Amino acid sequence: MHAFIQALSGGFLVAALSLGVLSIGSVYAQVPKTSDQTKPEGTSDGITPQRHSDDVPPKQTLEGAQRFLSEVAYNGGIAVEIPLRNGQYNLVEVSRDKYDCPVDKKTGAQVCHLVPGVKEYTEQTLAPLPTENAVFAELCLTQFTLARSYAATSDVPKETMVDWRKVLKAEVKGNVVNLSGVPIKFHLSSPELATRFAYTAVFMQKACDPKQRTGF
């Protein structure tokens, strides 16, 4: 401040102060900022750095949800239980060769012989069916392709479809997600992934609900 006052005409400064044209506060305001003023850390000339677009989380969309499902299914992270024989989950009919096993009257031993050309049938519940991929023909439909080894069984289809508009809610139990409204049970590779899957399912149901467009 002392240097600034000396730069002004003494008479002019005194007169101005006496007339009230200038105040001590206004003199302080006109003092140039010194170069050693502290700048915010990590900035240049006091300018706050802008966030890069890479730092901003991607917007949640139906396209992103479908991509998430595809990546999880492709990496073997999803297996399913679906209604098959008599509406029972993963219940299939399997065939096997028929054997005739009479008891030898002399020895009491049972000796089995293959009956050529004859099969016998029984029912079996399969383990959760692994998926190979997930694709979508439209944003609110996802088609899960089942592993070839299981799709070869007559009762098991090659694909199973999910219409996300029909989902009512998602319930997580450990690493299993039950979707009410859709008769499919999803087995994920971990409870954490199951939680993410359930969140995705609810998001897609809401995004695909035609009533959402009404605002109610």
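The values are calculated or read from the model by the stated rules, or taken from the named source; none is laboratory data. Computed from a predicted model, the values in this text were never measured in an experiment. Reconstructed Cβ throughout: ideal geometry from the backbone, glycine too, with neighbour counts over all protein chains shown.
Within the stretch 146-171, if we keep just the residues that are surrounded by 18 or more Cβ atoms within 10 Å (Cβ to Cβ) and at pLDDT 90 or above, the residue that is nearest to residue 65 (Cα to Cα) turns out to be 164. Filtered by the rule that a residue be surrounded by 10 or more Cβ atoms within 10 Å (Cβ to Cβ) and either under 30 Å from residue 64 (Cα atoms) or touching an Asp or Glu at 6+ places or on another chain (Cβ under 9 Å) (or both), the stretch 97-111 gives 97, 98, 99, 111. The number of residues in the stretch 103-142 being outside any strand (DSSP E or B), out of contact with any strand residue (DSSP E or B) (no Cβ under 6 Å at 6 or more places or on another chain) and without any contact (Cβ under 8 Å) to a residue 24 or more places away in the chain comes to 7.
For the stretch 108-144, the candidate set comprises residues that are hydroxyl-bearing (Ser, Thr, Tyr) and within 33 Å of the chain's Cα centre (by Cα); within that set, the residue that is nearest to residue 163 (Cα to Cα) is 142. Looking across the stretch 33-84, the residues that are within 30 Å of residue 128 (Cβ to Cβ), part of a loop (DSSP other than H, G, I, E, B) and modelled with pLDDT of 85 or more come down to 60, 61, 77, 82, 84. Considering the stretch 164-191, the residues that are assigned to a strand (DSSP E or B) and farther than 14 Å from residue 82 by Cβ include one that is nearest to the chain's Cα centre (by Cα), namely 188.
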